[in-house]
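The structure follows.
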């Protein structure tokens, strides 16, 4: 006699395996070049690895303080002061997290209640909506304007209601590579002024902005900072995505709520890594050279694809490049991405999966945070199509 299945109700009934895991698995199955998942294929700076080793050998292997090591939070505050001319209290406004995604979730969980509305701009990074739903919130999807992927602020204003609790912005933007301007920030400031609306600003690609554009962090706007959670990533900045290290900056009041949630997700993040980053942040050139470093990779990859039938509009930020394939196929982008992985040997990410309604502009996303040799191999396959 068979045992009847245990009955329970899923909190995310429409959520399956992420597109990143799916395409990476296909890349492995078909021995394809993986330009889908966003991780570099080059190594961490030897100085940083040596600092981690030193911390391990020095016995820094027990729990760190819940908000993060004081010396790391102080180093982050000093960096912010130099970059953005913004003074933040290291003790009360900086919290070290286990990656950007943990920080995003903790911020959402801290302030979103049952029935609260959260404005999300689509295509959107795939962790936002599940986090909103898990905390009883209602995602309000607003499409970015195609093909620029800019924000229509009049549409935002029209979608705000008495239930709007949070607006999530992401600049530089994953997956499109667009960036917000100073005018965008001024519009956001105007729309939220004299309201109780909070902002979650995903700035994990803060240092990867091209063509001499300046990253418009919320840290540049004191009125916005008062109502915002800002999320940053050590992993994206220092080519160490597998270390899952980041931090959140917020006002003392918001940080206090953030830490209430953070302590029950991970309590604290890896101690030896915190010691290493606290020491390594003194090497300012490591992040100051990132725009030129990644722009060179973007330009190199796009120049290789100039001989292909893909249509390219150079990314303004991140280490992702969108490509249109309308001259190659009429397939939907998910089907085309799977075909490209299976038949052409290059794995990518379809953009429609980042829309709640699966809007399909026949665009795919390449990650160019790779060695020139790997980019050459991928381009050689792509220009044959």
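Return yes when residue 25 is under 24 Å from the mean Cα position of the chain (by Cα), free of Cβ contacts under 8 Å to residues at least 40 places away in the same chain and not assigned by TED's automatic domain parsing to the domain that holds residue 227 and no when it is not.
Yes, satisfied.
Further question: Sort through 140, 132, 199 and tell me the only one that's touching a strand residue (DSSP E or B) at 6+ places or on another chain (Cβ under 7 Å), surrounded by 17 or more Cβ atoms within 10 Å (Cβ to Cβ) and within 27 Å of residue 290 (Cα to Cα).
That would be 199, the only listed residue that is touching a strand residue (DSSP E or B) at 6+ places or on another chain (Cβ under 7 Å), surrounded by 17 or more Cβ atoms within 10 Å (Cβ to Cβ) and within 27 Å of residue 290 (Cα to Cα).
Please go through (1) out of contact with any helix residue (DSSP H, G or I) (no Cβ under 8 Å at 6 or more places or on another chain); (2) on the phi < 0 side of the Ramachandran plot for residue 115 and return the number of the only condition it doesn't satisfy.
Against the list (1) out of contact with any helix residue (DSSP H, G or I) (no Cβ under 8 Å at 6 or more places or on another chain); (2) on the phi < 0 side of the Ramachandran plot, residue 115 comes up short only on (2).
Ok, one more. Looking at segment 308-327, which of the residues that are assigned to a loop (DSSP other than H, G, I, E, B) and out of contact with any helix residue (DSSP H, G or I) (no Cβ under 8 Å at 6 or more places or on another chain) is nearest to residue 290 (Cα to Cα)?
Here the residue is 318.
Give segment 6-34 a look and list any residue that's crowded, with 18+ Cβ neighbours inside 10 Å and over 30 Å from residue 133 (Cβ atoms), or say none.
Within segment 6-34, 32, 33 meet the criteria.
Residue under question is residue 211, and the condition is that it be at positive phi and either part of a strand (DSSP E or B) or in the same structural domain as residue 128 (by TED's automatic domain parsing) (or both); does it hold?
Judged against the criteria, residue 211 is a match.
Could you list all residues from segment 275-286 that are surrounded by fewer than 24 Cβ atoms within 10 Å (Cβ to Cβ) and within 13 Å of residue 96 (Cα to Cα)?
275, 278
Which members of segment 42-52 meet the condition of being closer than 16 Å to residue 236 by Cβ and surrounded by 14 or more Cβ atoms within 10 Å (Cβ to Cβ)?
Correct list: 44, 45, 48.
Quickly run through segment 300-328 and pick out the residues that are without any contact (Cβ under 8 Å) to a residue 12 or more places away in the chain and over 26 Å from the mean Cα position of the chain (by Cα).
Hit for segment 300-328 is 306, nothing else.
Let me spell it out: the conditions are (1) within 18 Å of residue 24 (Cα to Cα); (2) out of contact with any strand residue (DSSP E or B) (no Cβ under 7 Å at 6 or more places or on another chain); (3) not in a loop (DSSP other than H, G, I, E, B), and residue 337 meets all of them except one. Which number is the exception?
The one condition residue 337 does not meet is (2).
The values are calculated or read from the model by the stated rules, or taken from the named source; none is laboratory data. Given the structure is predicted, the values throughout are model-derived calculations rather than measurements. Note that we place each Cβ from the backbone using ideal geometry, even for glycine, and neighbour counts take in every protein chain shown.
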